[in-house]
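Visitor: Encoded as structure tokens, here's the structure I'll be asking about.
Only the coordinates and a few stated rules stand behind these numbers; no lab work does. Since we're looking at a predicted model, the values are computed, not measured. Cβ atoms come from the backbone with ideal geometry, glycine included; neighbour counts cover every protein chain shown.
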Amino acid sequence: MGQQQLNVCVVGAGYVGLTTGVCLAYLGHQVTCIDKDREKIDMLLAGRAPIYEPGLEDLLRLANARLKFTTSPEACRHADVIILAVGTPPTPNGNADLSFMEAAAAEVAAQLTGERFQVIVNKSTVPVGTAQRVNLIITTAIASRGGSANFAVASNPEFLREGVAIHDTLYPDRIVIGSASNEAINMLRVMYAPILEQTFAAPKVCPRPERFDLPALVTTDVTSAEMIKYAANAFLAMKISFINEIGGLCEKVGADVTEVARGIGLDKRIGPRFLQAGLGWGGSCFGKDTAALIRTAQEYGYDMPIVSATVSVNRRQRLRAIDKLQETLKVVRGRTIGLLGLAFKPDTDDLRDAPALDIIRVLLEMGARVKVYDPVALENFKIQYPNLAVEPCKNASELSQDCDAVIIVTEWEEFRHLPLAELAEKMTGAKVLIDGRNIIDRQDAEKAGLRYVGFGR
Ligand code: UGA
């Protein structure tokens, strides 16, 4: 392929780090993934992915010859590029907790010899100013041991979605690189050349989309790169909250939000994606990033009413499922309610900030009996929430037995093809189907004998 092979270290083998590392190895670079979690590293050494992500294990196998996994940061010594992809969990006040990031920077600093130029890349989602902070930590560490510095820091945010992480890494819309150093930008341009030019053979597990334009490369200053990440997530979250707010009014006036989304989405300035109304967004990113953005703004005494409203509309949206139960069943106490879907979205077992959790808690407080089913996240749920007194079920059919209402919480593909007649037969009372993701045809549901309640329609 004539592409230059780089030596890359990825610190943090979570979603972002692991996907990035495995993809870069697949593209031809020599990659070492470093993580403190021995168990995780052992799993990876055995060829297994510690997270559920479609295609990841296949790619792991394909790239195996160029991939190393270790708990020791020593490999950073010989790396051209060191990617920091450690967690930045939210603190109670909405700030991102940078302690993992700072510890990783210090560990990396201890390995830098100054013999070769090295690029330190911030890939974790970190507040504005973190690249400067990483730069300071490393510079200070090197100076205090009297070493010579020969590195530059770059911000290179990622935009991958869970469940389609490999696709989003190999076929992105754009790659953003922010750095004050042209040498660093050039190094990363080389690292990403196979993606930017699409010169690699697409893996069978993740074929190149039929219509795909080469990704744009955005090179900019670090602070703007850091801001791009937050602004992108806040905008996407806002799009969803916007359509949900419109959906609420659609219900009042008798319009169908899916029609409205279709009608506005065809305007190229708006675009059709992220306009699916329903129970709203969850996951580890939108909630955390909108909170961090608001928090940063507060530090400057600056108001962000649009981002704040995005968050409050989403909070309200989840509880609309409860309103709809009260509207249809009247009394919720003592009823049996089934939840189809626990994961915050399909194709993942991730439960972080999942709408299902809020709905379960409120239902239990109200005195309902709650049954749950999820094709993948059930095991995770049992481990993480052993105290939530719900009844796990093996499938939708078992779940529906004796339910007064069933709520579709996650748009798993299999829920698009539910055996509606069977569900109706097993359910009891008003037999309400609350379609929290607008994936079922009202007429089909009603023909099967269910009382259908959508969102915004
Ligand atoms: C999101 C962004 O989409 C990625 O670009 C970004 O890189 C990532 O966060 C991150 O910062 O790491 P992710 O959280 O994996 O990705 O999931 P999305 O596919 O964006 O979905 C987020 C939530 O929005 C889900 O709960 C989904 O059900 C909901 N959603 C999405 C809607 O309610 N309506 C829509 O139209 C689209």
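Visitor: Taking only the alpha-carbon atoms of segment 166-276, what semi-axes of the equivalent ellipsoid follow from 5 times the gyration tensor eigenvalues under a square root, in whole Å, largest first?
Guide: On the way: eigenvalues 245, 76, 19 Å².
Semi-axes, largest first: 35, 20, 10 Å.
Visitor: If one computes the Cα centroid of segment 158-220 and of segment 68-132, what distance in Å separates the two points?
Guide: 21
Visitor: Same structure, new question: If you restrict to DSSP beta bridges whose two residues both lie in the chain, what percentage is antiparallel, to the nearest 5?
Guide: Values: 3 of 48 bridges.
Of all bridge pairs located within the chain, approximately 5 percent are antiparallel.
Visitor: Once every DSSP H run of n ≥ 4 in the chain is given -39500 (n - 2.57) and the sum is divided by its residues, what mean residue ellipticity at 222 nm do you get, rounded to the nearest 500 deg cm²/dmol? Write out the running numbers ahead of the final one.
Guide: Working: 16 runs with 191 residues, N = 457.
Roughly -13000 deg cm²/dmol at 222 nm, from the helical runs in the chain.
Visitor: For ALA46 and ALA309 in one chain, what is 0.36 nm times their gap in residues minus the Cα-Cα distance, to one decimal in nm?
Guide: Details: separation 263, 0.36 × 263 = 94.68 nm, distance 4.59 nm.
Here the segment from ALA46 to ALA309 would lengthen by 90.1 nm.
Visitor: Order the peptides 63-70, 178-185 from the highest to the lowest mean number of other Cβ atoms within 10 Å of their residues.
Guide: Averaged packing, sorted descending, gives the order 178-185, 63-70.
Visitor: Taking N as the number of residues in the chain, what value does Rg over Cα atoms divided by 2.2 N^0.38 Å take?
Guide: Against the empirical 2.2 N^0.38 Å value, I get 1.06 for the chain.
Visitor: Quick one: check the C-alpha center-to-center distance for segment 271-289 versus segment 311-338, whole angstrom.
Guide: 19
Visitor: Please compute the modelled spin-label separation between ARG208 and GLU115, points set 7 Å along Cα→Cβ, answer in nm with one decimal.
Guide: Spacing of the two 7 Å Cα→Cβ label points: 3.8 nm.
Visitor: Now for a different question. Of LYS36/LYS288; LYS229/LYS288; LYS40/LYS68; LYS268/LYS345, which pairs sit farther than 21 Å apart, going by alpha carbon to alpha carbon?
Guide: On the way: LYS36/LYS288 23 Å; LYS229/LYS288 12 Å; LYS40/LYS68 13 Å; LYS268/LYS345 26 Å.
With Cα atoms farther than 21 Å apart: LYS36/LYS288; LYS268/LYS345.
Visitor: Provide the FRET efficiency to the nearest 0.05 for the ARG316-THR199 pair, computing r from the beta carbons and using R0 = 41 Å. Before the final figure, lay out each step's value.
Guide: Values: r = 47 Å, r/R0 = 1.16.
My answer for the efficiency is 0.30.
Visitor: Further question on the same structure: Debye calculation, C-alpha points only, no solvent: report log10 I(q)/I(0) for segment 345-450 at q = 0.16 Å⁻¹, in the same order as the q values.
Guide: So the normalised log intensities work out to -0.70.
Visitor: Now, a different point. Under a point spin-label approximation (7 Å from Cα along Cα-to-Cβ), what is the THR219-GLN4 distance to one decimal in nm?
Guide: A separation of 1.2 nm, rounded to one decimal place.
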